[in-house]
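The next block holds one structure in the form of structure tokens; read it before the comments.
The values are calculated or read from the model by the stated rules, or taken from the named source; none is laboratory data. Computed from a predicted model, the values in this text were never measured in an experiment. Here the Cβ is made from the backbone with ideal geometry for all residues, glycine too, and neighbour counts use every protein chain on show.
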Amino acid sequence: MLQQIQTLIRKELTLEWRQKYALNGILLYVVSAVFITYLSVGAKQGNIAVTTWNALYWIIILFSAVNAVAKSFVQEHQGRQLYYYMIASPEAIIISKILYNSLLTLVLALLGYLVFSVILGNPVQNQGIFVLNLVLGSLGFSACLTMVSGIASKASNNATLMAILSFPIIIPILLMAIRVSKNAIDGLDWSVSVDKVLTLLAINVIVAVTAYILFPYLWRS
């Protein structure tokens with residue numbers, strides 16, 4: 001299975017490298033969203049609140065993750081899915097998708113953090129907790145959206161179904177990520193955020209294990 005996962009991740013990277021317009025479009029979305037925020041919410045005058053900075057950051061990262069991960073299974077035509085069905089196990093497929101999408105979402109989150117810091121300033125006082133929160137948030141978004149993308153690919157109305165199914169799972173992840181990042185911005189001690197970090201980690205594990213268990217039944221259909 002490990003060899004299958006490595007091969008599938010390499011395939012995803014190769015396809016992304018060949019179709020640079022997809023990644024470039026997402027990167028353009030992140031940069032343009034931050035710049036529009038800079039022009040529209042008073043950041044140009046330097047009066048953006050810390051809570052506003054935090055909320056806008058996670059909203060932009062969430063929608064960037066949705067745009068990046070939504071194509072996981074939707075872009076795979078039936079012939080290619082049949083080929084995957086014959087050469088790889090469904091567990092390897094879902095794990096490779098989650099790992100690749102987690103890496104892509106983390107890159108987008110770090111890029112957004114860099115652009116936010118340059119354009120809107122960087123109010124984060126505890127960088128370690130904030131970066132750890134980015135990693136856990138990226139994993140949670142990717143696991144949830146990858147699983148829902150697999151379900152939505154079996155239906156005709158992909159976009160609507162994906163939005164409806166992902167909403168109840170995304171909200172707890174988003175709330176925990178916002179709270180932890182607020183503690184990091186305020187410079188609070190690690191002990192204040194440890195329970196929220198563990199809760200976020202537990203949600204990620206539950207979503208990933210659920211996807212691992214249920215995806216083979218979905219894949220056989």
Checklist line | Residue, nearest to Ile151 (Cα to Cα), within the range 184-221, restricted to residues that are of a type in the set (Ser, Thr, Tyr) and without any contact (Cβ under 8 Å) to a residue 24 or more places away in the chain | finding: Tyr217
Notebook entry, point to check: What pairs can you find where one residue is in the range 91-120 and under 22 Å from Gln4 (Cβ atoms), the other is part of a loop (DSSP other than H, G, I, E, B), and their Cβ atoms are less than 6 Å apart, with a gap of 6+ or different chains?
Noted result: Ala92/Met1
Check: Out of the range 178-195, which residues are crowded, with 19+ Cβ neighbours inside 10 Å and more than 14 Å from Val50 (Cα to Cα)?
Finding: Ser193
Next item on the list: Only residues that are hydrophobic (A, V, I, L, M, F, W, C), more than 18 Å from the chain's Cα centre (by Cα) and within 14 Å of Phe130 (Cβ to Cβ): list them for the range 175-221, please.
Entry: Ala184, Ile185, Leu188, Trp190, Val192
Margin query: I want to confirm something. Restricting to the range 77-93 and keeping residues that are crowded, with 16+ Cβ neighbours inside 10 Å and not hydrophobic (A, V, I, L, M, F, W, C), which single residue is modelled with the highest pLDDT?
Written below: Glu91
Next item on the list: Return the residue satisfying two criteria in turn: it lies in the range 94-125 and is surrounded by fewer than 21 Cβ atoms within 10 Å (Cβ to Cβ) and among the polar types (S, T, N, Q), and of such residues it is modelled with the highest pLDDT.
Entry: Gln125
Next item on the list: Name, by its number, the condition in (1) over 17 Å from the mean Cα position of the chain (by Cα); (2) surrounded by 14 or more Cβ atoms within 10 Å (Cβ to Cβ); (3) not hydrophobic (A, V, I, L, M, F, W, C) that does not hold for Lys154.
Entry: (2)
